[in-house]
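Below you'll find the structure, written out as structure tokens, and then a few comments.
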Amino acid sequence: LRSPVVVLGAGPAGLTLGNVLRAASVDCVVLEAESREFIERRPRAGVLEEWAVRGLQRRGLAANLLERAQRHTRCEFRFAQERHRLSYAELTGRHHWIYPQPLLVTDLVREYADVRGGDIRFGVRDVRLHDLDTDRPAVSYTDPRTGERHFLHCEFVAGCDGARGVTRAALPAERVRVARHDYGIGWLALLAEAPPSSDCVVFGIHPSGFAGHMARSPEVTRYYLQCPPGDDPDDWPHERVWAELRERLGARGAPPLTEGRLIEKRVLDMHNYVVEPMAFGRLYLAGDAAHLTAPIAAKGMNLALHDAFLLGDALVACLTRGDASGLRGYSADCLERVWDYQEFSQWLSDVYHGTASGDPYRAGTALARLRRLFASPVAASAFAEQYLGEDPGR
Ligand code: FAD
């Protein structure tokens with residue numbers, strides 16, 4: 001079998017790419033290691049930038065999202081027992097959309113497989129890449145039901161298999177540079193079966209550590225608690241979690257937190273990486289396979305979509321019109337935004353974690369940054385612009 005494109009991974013990057021290709025009648029095969037039920041339920045991100053939603057809309061992929069997602073126009077910082085609101089929509093005319101990642105993935109799978117007739121194979125095992133630096137690359141995998149080994153010959157391979165996939169490892173070390181940054185901290189990521197306790201995202205900056213509150217739906221709220229890296233989630237029973245959240249998100253006049261059963265509890269070690277270039281031979285990486293941004297600034301899914309839009313358009317131009325300029329510029333075009341978001345993530349990490357670092361110098365500079373955000377409209381506007389992500393249409 002020869003299909004022009006084999007896409008590895010059915011996350012936001014791979015599914016968006018598959019949909020863009022199908023819309024242009026370019027055949028592709030999406031290979032996914034997990035089951036459809038699993039990927040449609042896997043809880044992760046929830047914050048989408050406005051340009052990303054418009055990008056999905058232009059490609060016919062945002063109908064459900066626009067009907068169901070909430071718009072967020074401001075966020076709140078709590079520090080030194082005070083609440084400070086930053087109305088970023090007023091400053092920029094733009095806003096965030098809140099739409100849980102499993103809902104977006106469900107919409108994208110449905111559109112790709114059930115509406116656009118795309119080929120997707122779930123539960124594939126032992127995926128291997130072959131002859132990437134030739135013009136006849138291939139991907140092989142084992143079919144879990146029959147145990148048979150399949151070879152897919154193609155023209156291009158898209159590595160959209162996330163942070164733990166196989167495509168990044170297929171890049172020869174002498175041809176790529178991997179820049180890494182380890183923040184040396186962990187976040188306990190929680191999902192609570194509880195309505196949000198604020199009408200916006202809340203960042204708690206506290207000497208005991210950062211805490212975050214992010215609405216996901218009227219019934220479910222995501223919370224984060226800074227913790228040591230590698231901490232055991234079992235050391236965080238219900239009572240301890242809610243006591244810490246109440247303390248770290250506490251401020252004069254703040255409404256009480258609505259508690260609920262914790263339906264997800266896992267520790268994320270905060271680290272980032274960037275692979276440069278995001279391509280080797282006929283392999284192009286997109287999303288977390290190419291770059292990881294810890295959820296500090298809620299950027300990962302947005303970057304995955306940005307890559308998928310660019311790669312989809314570039315592959316369509318190459319395969320339907322013989323125009324390879326988009327593919328040649330792909331890596332550089334993506335990396336500009338990737339580094340911009342990495343820099344913002346690092347800036348924000350200093351603000352979130354400086355106060356609890358035990359280092360009075362870092363604590364002092366973190367508080368100075370926070371005070372400036374609310375004293376200087378210029379500083380607030382600069383923050384808002386980075387928080388919302390630059391609009392590629394401008
Ligand atoms: P993934 O979503 O990881 O998809 C990769 C797919 O490839 C998976 O389905 C995987 O099963 C599959 N796969 C892996 N190996 C193979 C293989 N060998 N063969 C075939 N398939 C394979 N980002 C935001 O923008 N905003 C947020 O608010 C936000 N919050 C987050 C909160 C948490 C707790 C976490 C963990 C992440 C958050 N992120 C956020 C980041 C966001 O979830 C990721 O950046 C996003 O999922 C990346 O999409 P992707 O398609 O590149 O990779």
Cα-centred dipole magnitude for segment 149-306, charges only on beta-carbon of K, R (+1) and D, E (-1), debye, nearest 20: 440
Assuming 0.36 nm per residue, please report the length gained on full extension of the stretch R149 to E239 beyond their Cα-Cα distance. 27.4 nm
Relative contact order of the chain, defined on C-alpha pairs under 8 angstrom at six or more residues apart (%): 20
Can you give me the P(r) profile for the chain? Cα pairs, bins 10 angstrom wide beginning at 0, each as a whole percent. 5, 23, 32, 24, 12, 4, 0
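To check you understand DSSP bridge types, tell me what percent of the beta bridges within segment 65-206 (both residues inside) are antiparallel, rounded to 5.
75
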Given R₀ = 35 Å, what would the calculated FRET efficiency be for D359 paired with R175, taking r from the Cβ atoms and rounding to 0.05? 0.35
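What number results when the radius of gyration of segment 236-370, computed over Cα atoms, is divided by 2.2 N^0.38 Å?
Output field value: 1.44.
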With the crude spin-label approximation of a point 7 Å out along Cα→Cβ, what separation in nm comes out for A368 versus R125? 5.8
Longest principal axis of the chain (C-alpha) makes with the long axis of helix 238-248 (C-alpha) an angle, in degrees to the nearest 10, of 70
With the dipole of the chain worked out from charges on the C-beta (+1 for Lys and Arg, -1 for Asp and Glu) around the Cα centre, which of F77, S87, P102 lies farthest toward the positive end? S87
Can you tell which of A23, T134, I205 lies farthest toward the positive end of the dipole of the chain, using +1 and -1 charges on the Cβ of basic and acidic side chains (Lys, Arg; Asp, Glu)? I205
Rough spin-label spacing in nm, given labels placed 7 Å along Cα→Cβ, for E343 and T258: 4.0
GNM result for the chain, Cα springs below 10 Å: residue of R74, R44, R328 fluctuating most strongly: R328
What is the extension gain from R164 to R71, computed as 0.36 nm multiplied by their sequence separation minus the C-alpha to C-alpha distance, in nm to one decimal? 30.3 nm
Just report the Cα centroid separation between segment 111-178 and segment 290-348, whole Å. 19
Which order do K265, K299 fall in if you start with the one that has the fewest other Cβ atoms within 10 Å? K265, K299
For the chain, with +1 on Lys and Arg beta carbons and -1 on Asp and Glu, the positive-most of T146, H271, L257 along the dipole: L257
Full extension between A80 and S381 adds, at 0.36 nm per residue less the Cα distance, a length in nm of 106.1 nm
D182/E336 FRET efficiency (R0 25 Å; Cβ-Cβ; nearest 0.05): 0.60
Alpha carbon Rg of segment 32-130, scaled by the compact-globule rule 2.2 N^0.38 Å: 1.42
In terms of modelled amide H atoms, which long-range or inter-chain residues lie less than 5 Å from the amide H of C227? G186, W187, L188
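Each value in this text was obtained by applying a stated rule to the coordinates, not by laboratory testing. Note that this is a predicted model, so its numbers are computed, not measured. Cβ: placed from backbone, ideal geometry, glycine included. Neighbour counts: every protein chain shown.
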